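The values are calculated or read from the model by the stated rules, or taken from the named source; none is laboratory data. Fair warning: this is a prediction, and the values are worked out from it, not measured in the lab. Here the Cβ is made from the backbone with ideal geometry for all residues, glycine too, and neighbour counts use every protein chain on show. All accessible areas refer to the heavy atoms of the entire protein, side chains included, with ligands and DNA or RNA removed. Shrake-Rupley method; radii C 1.70, N 1.55, O 1.52, S 1.80 Å.
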Amino acid sequence: MKRPAVKRPAAGRRAADTAEAWHPVAWQTQSLLLAYPDEQLLRHAPLARRAAAALPAPAGRPLDRFLDHLARTPLPELAADYVATFDHRKRCCPYLTYYAHGDTRRRGVALLRLKQTYAAAGLRPPDDELPDHLAVVLEFAATGDPAAGRRLLLEHRAGLEVLRLALRDERSAWADVLESVSATLPPLAGDERGAVAALAAQGPPEEQVGLDPYAPPQPAPHPSGGRR
């Protein structure tokens, strides 16, 4: 997305709707590191390292661990791992509305609402990616409207946690990036823990009609580096 001036939360908003001053830096770095691994990502790694160093430890240290992995792993191996993780494992789906709505008509409505939220902040998601990809949501939170972006992340908190736990179970390096995302959000409340447990046990809703063109993307090659 193009980077406009970041809007600040209006005075008097509830604390749950506001973002800390360091949150946009964290979200922009996390968004970068969730992109398909390519030469551009490697070029930006030193900048990501400096950004991680400026963050509070719960958000910065997991990013440092991922950057260590990035530095010691050959790019073709990183790319293959990315595709195997996010394209071939449904439980590691990076598309947030999928966790809430699964293969149902409601997902199309949720995707449209996301586009409208971005448009209200003067942004348009990339043409080659759906608006609910976690990296896109994080980029919006970082460069568009931090308060609105935070609300989106909280709205999809159960899906985020299921993705984090799935990546951890897979021993994926990207689990550290999700740990960092979680560090920008409040601790889970009791009802949220229940929602995470239910989603992990039951999976998202199922309904195989009425979704085109909003069905979860099929695995596809990333010849030009995927999301930009």
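Can you name every residue in region 108-142 that is in contact with a helix residue (DSSP H, G or I) (Cβ under 7 Å, 6 or more places away or on another chain), in contact (Cβ under 8 Å) with a residue 24 or more places away in the chain and more than 19 Å from Trp27 (Cβ to Cβ)?
Across region 108-142, the qualifying residue is only Leu111.
In region 66-74, is there at least one residue being within 20 Å of Val25 (Cβ to Cβ) and not hydrophobic (A, V, I, L, M, F, W, C)?
yes
Residues are listed down the side, and each one gets a yes or a no for (1) at pLDDT 80 or above; (2) surrounded by fewer than 20 Cβ atoms within 10 Å (Cβ to Cβ); (3) over 13 Å from Cys92 (Cα atoms); (4) not β-branched (Val, Ile, Thr):
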{"site": "Asp128", "(1), (2), (3), (4)": "yes, yes, yes, yes"}
{"site": "Leu134", "(1), (2), (3), (4)": "yes, no, no, yes"}
{"site": "Gly144", "(1), (2), (3), (4)": "yes, no, yes, yes"}
{"site": "Arg151", "(1), (2), (3), (4)": "yes, yes, yes, yes"}
{"site": "Glu161", "(1), (2), (3), (4)": "yes, no, no, yes"}
{"site": "Arg168", "(1), (2), (3), (4)": "yes, yes, no, yes"}
{"site": "Ala175", "(1), (2), (3), (4)": "yes, no, no, yes"}
{"site": "Ala195", "(1), (2), (3), (4)": "no, yes, yes, yes"}
{"site": "Ala201", "(1), (2), (3), (4)": "no, yes, yes, yes"}
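Would you check which residues across region 56-65 are open to solvent by less than 80 Å² (accessible area, probe 1.4 Å) and in contact (Cβ under 8 Å) with a residue 40 or more places away in the chain and list them?
Pro56, Ala59, Gly60, Pro62, Leu63
Looking only at residues in region 16-34 that are farther than 15 Å from Asp176 by Cβ and outside any helix (DSSP H, G or I), which one is most open to solvent (accessible area, probe 1.4 Å)?
Once the filter is applied, the top-ranked residue is Glu20.
Considering region 81-101 alone, what residues qualify as being more than 13 Å from Trp174 (Cα to Cα), surrounded by fewer than 20 Cβ atoms within 10 Å (Cβ to Cβ) and of a type outside the set (Lys, Arg)?
Within region 81-101, Asp87, His88, Ala100 meet the criteria.
What are the residues in region 102-120 that are surrounded by 19 or more Cβ atoms within 10 Å (Cβ to Cβ) and modelled with pLDDT of 85 or more, if any?
Across region 102-120, the qualifying residues are Arg107, Ala110, Leu111, Leu114, Thr117, Tyr118.
Go through region 35-55 and count every residue that is open to solvent by less than 10 Å² (accessible area, probe 1.4 Å) and in a helix (DSSP H, G or I).
3
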